[in-house]
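The values are calculated or read from the model by the stated rules, or taken from the named source; none is laboratory data. Keep in mind that this is a model prediction, so the values were computed, not measured. Positions of Cβ are backbone-derived with ideal geometry, glycine not excepted, and every protein chain shown enters the neighbour counts. Side chains are part of the model used for accessible areas, which takes the heavy atoms of the whole protein and leaves out ligands, DNA and RNA. Shrake-Rupley method; radii C 1.70, N 1.55, O 1.52, S 1.80 Å.
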Amino acid sequence: MGLKSTLAKPYARLVTNAVMRRALDPVGTQLGVLRQLMEFGGATAFGREHKLHQVHDHAGLVQAVPLRDYEGFKPYIDRIVAGEKDVLWPGLPLYLCKTSGTTSGAKYIPITRNSLPNHIDSARRALLAYIAHSGHTGFVDGKMIFLQGSPVLDRKGLIPTGRLSGIVANHVPRYLLKNRMPSFATNSITDWETKVEAIVGETMTADMRLISGIPAWVQMYFERLLARTGKANVKEVFPNFSLFVYGGVNYAPYRSRMEALIGGSVPSIELFPASEGFIAYQDRSGEEGLLLVLDNGIYYGFLPMTGPGAGARPLSIAEVELNTQYALVLYTNAGLWGYEIGDTVKFVSLSPPRVVVT
């Protein structure tokens with residue numbers, strides 16, 4: 001056992017216990033986030049328009065800020081792209097995250113200095129929760145592959161822009177750099193077919209222990225890996241492969257094919273990341289639901305999809321019920337206010353709050 005894996009267990013328990021303490025007080029934790037958002041947001045053009053400095057609770061927030069989709073935010077984004085500061089959040093965003101829209105074409109979601117840790121720390125918490133509850137740390141001492149977009153960014157006005165995974169790739173923690181694959185040069189290849197072949201060439205002789213990515217991307221990587229090596233399954237190529245991390249889509253349609261490629265099942269962690277913020281992650285193996293990230297820059301509204309209050313107003317975390325479908329509404333330190341992201345969830349646990357994506 002290496003030094004990293006030895007130190008990982010006590011650190012994982014420390015972080016996971018602290019997260020759980022806040023998760024077991026969801027109302028108080030979310031109120032603290034709301035107050036921080038109002039403090040910063042009140043000093044912006046949006047904040048002045050909507051009198052955010054007068055908002056002190058959920059009822060005041062819902063009354064002050066109408067719900068919007070991306071089209072409703074686009075005029076503000078256009079002002080940011082033109083170089084105007086303090087529009088949705090103090091200063092200019094660090095990045096604009098480019099994502100596809102069904103009605104708006106390409107969408108550009110701000111990521112600020114305050115919101116970037118939400119994307120990075122939440123993924124780290126997921127790994128630490130796995131270590132804390134399983135006791136397995138072997139993957140820490142081996143190689144890890146993160147299949148993601150190119151870290152080479154374009155610009156929209158003055159602001160760097162790219163896919164979320166490519167943006168995050170520029171902020172890999174130092175303690176992971178020696179373990180992380182593929183190389184920056186390979187990761188920067190824009191053509192996906194060429195990139196996958198290059199990744200296979202770099203990794204097929206490595207001691208790969210953690211593999212992470214959108215299931216469709218990982219499936220293609222596995223298929224090319226087996227074609228290149230002539231092995232029957234991934235476990236023959238990577239005998240120490242012990243953790244699969246995935247998110248972004250429903251895994252169920254991929255499961256049987258993935259397990260056939262792998263040569264069985266391996267422990268896995270499901271994530272719920274979005275361009276607008278890291279929403280939730282699987283913190284307990286074998287238990288239904290993903291732990292909602294309550295304390296990291298996102299205040300949630302939950303818009304009932306059915307029943308007498310359907311669509312009337314977003315509820316707070318204090319008002320939600322089990323097994324009821326809600327549309328997610330976000331208020332974030334990226335400068336999103338009353339933003340409907342298009343995902344729906346239901347709660348399978350309230351203490352701590354855990355959701356499944358519906």
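Numerical summary
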read-out: Highest-fluctuation residue, Val266, Val65, Val196 considered, GNM on the chain with Cα pairs under 10 Å; value: Val266
read-out: Note, ³J(HN,Hα) from phi for region 244-256, Karplus 6.51, -1.76, 1.60, rounded to Hz, x at Gly and Pro; value: 10, 10, 9, x, x, 8, 5, 7, 3, x, 9, 4, 5
read-out: Relative contact order, percent, the chain [alpha-carbon distance under 8 Å, six or more residues apart]; value: 19
read-out: Region 41-81: C-alpha gyration tensor shape, a/c 1.5 cut-off, then a/b vs b/c; value: oblate
read-out: GNM result for the chain, Cα springs below 10 Å: residue of Thr29, Thr186, Thr194 fluctuating most strongly; value: Thr194
read-out: Alpha carbon centroid spacing (whole Å) that separates region 15-44 from region 82-148; value: 18
read-out: Share antiparallel - DSSP beta bridges, the chain, percent rounded to 5; value: 70
read-out: Heavy atoms of Asp191: accessible area, 1.4 Å probe, square angstrom to 10; value: 80
read-out: Neighbourhood net charge (14 Å Cβ-Cβ; Lys/Arg +1, Asp/Glu -1) for Val266; value: 0
read-out: Phi to ³J(HN,Hα) by Karplus 6.51 cos²θ - 1.76 cosθ + 1.60 over region 260-266, Hz, x for Gly, Pro; value: 5, 5, 5, x, x, 9, 10
read-out: Environment charge of Leu164, counting only residues whose C-beta is closer than 13 Å and scoring Lys/Arg +1, Asp/Glu -1; value: +2
read-out: Positive minus negative residues near Val245 (Lys, Arg vs Asp, Glu; Cβ under 12 Å); value: +1
read-out: Overall form of region 98-234 per C-alpha gyration tensor (a/c, 1.5; a/b vs b/c); value: oblate
read-out: Stretch gain in nm, segment Ala45-Thr344, where the contour uses 0.36 nm per residue and the Cα spacing is subtracted; value: 104.7 nm
read-out: Long-range Cα-Cα pairs in region 58-108 (distance over 18 Å), rounded percent; value: 42
read-out: Nonlocal amide H pairs with Arg180, under 5 Å, H built at 1.01 Å; value: Met144
read-out: Computed helical MRE - 222 nm, the chain, DSSP H runs ≥ 4 contributing -39500 (n - 2.57), nearest 500; value: -11000 deg cm²/dmol
read-out: Amide H contacts under 5 Å for Gln325, placed H, 5+ residues apart; value: Met305, Thr306
